[in-house]
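A short write-up of the structure that comes next.
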Amino acid sequence: MSETTQQTASVSARSPITAVLAATAAAVAIWIVATMAGAELTVSFGAGQPIQKVTVINVVVAALVGSLAGWGLLALFRRFTTNARAIWTVIAIVFALFSLGGPLSAIASTGTKVALVAMHLAVAIVVIVGLRRTRGR
């Protein structure tokens with residue numbers, strides 16, 4: 001097998017898929033630690049609103065959706081702009097900070113808020129660092 005064929009046969013550490021999966025794994029790891037530490041991980045978004053349990057499925061779906069959206073936006077910028085990485089990074093950081101509004105404004109215990117903020121930040125950091133390292137047009 002030639003070197004070129006071998007390189008394309010494996011998933012590179014600089015692959016966008018690797019960044020997406022690593023971000024999801026980071027969020028799930030935090031969910032597991034928080035759950036094992038006894039955090040209830042339940043939230044409500046206002047008086048009279050139902051209490052919602054944050055399950056591992058919720059965490060996986062949210063991390064995948066956010067990560068894939070980031071990857072898609074970066075791909076779009078790479079196609080249409082010359083400074084895609086810089087523009088995307090600023091937008092990604094703004095969205096990451098904006099996403100913290102959800103857990104911080106929820107009616108939940110302090111432990112739950114800390115766990116949710118940690119999940120949001122972990123996904124953001126892994127996606128931003130990971131996708132910035134990928135190659136693109």
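General observations
- Residue in segment 48-71 that is farthest from Lys113 (Cα to Cα), counting only those that are assigned to a loop (DSSP other than H, G, I, E, B) and without any contact (Cβ under 8 Å) to a residue 60 or more places away in the chain: Gly48
- Screening Val56 with (1) modelled with pLDDT of 95 or more; (2) closer than 24 Å to Ser15 by Cα gives one miss only, at (2).
- Subset of segment 80-94 that is in a helix (DSSP H, G or I) and without any contact (Cβ under 8 Å) to a residue 12 or more places away in the chain - its residue that is most open to solvent (accessible area, probe 1.4 Å): Phe80
- Selection status of Ile128, assigned to a helix (DSSP H, G or I) and open to solvent by less than 40 Å² (accessible area, probe 1.4 Å): yes
- The residue of segment 20-40 that is farthest from Ala96 (Cα to Cα), among those that are open to solvent by less than 40 Å² (accessible area, probe 1.4 Å) and modelled with pLDDT of 95 or more, is Ala34.
- Some residue of segment 36-45 being in a helix (DSSP H, G or I) and within 16 Å of His120 (Cβ to Cβ): no
- On inspection, Leu97 fails the criterion of being assigned to a helix (DSSP H, G or I) and either touching a residue at least 24 places away in the same chain (Cβ under 8 Å) or under 21 Å from Thr18 (Cα atoms) (or both).
- Against the conditions (1) open to solvent by less than 30 Å² (accessible area, probe 1.4 Å); (2) within 30 Å of Met36 (Cα to Cα), Gly111 satisfies every one except (1).
- Positions within segment 15-28 being part of a helix (DSSP H, G or I) and in contact (Cβ under 8 Å) with a residue 12 or more places away in the chain, in sequence order: Pro16, Thr18, Ala19, Val20, Ala22, Ala23, Thr24, Ala26, Ala27, Val28
The values are calculated or read from the model by the stated rules, or taken from the named source; none is laboratory data. Not measured: the values here are computed from a predicted model. Note: ideal-geometry Cβ built from the backbone for every residue, glycine included; neighbour counts use all protein chains shown. Just so you know, the surface numbers come from the protein's heavy atoms only, side chains and all, with ligands and any DNA or RNA stripped out. Shrake-Rupley method; radii C 1.70, N 1.55, O 1.52, S 1.80 Å.
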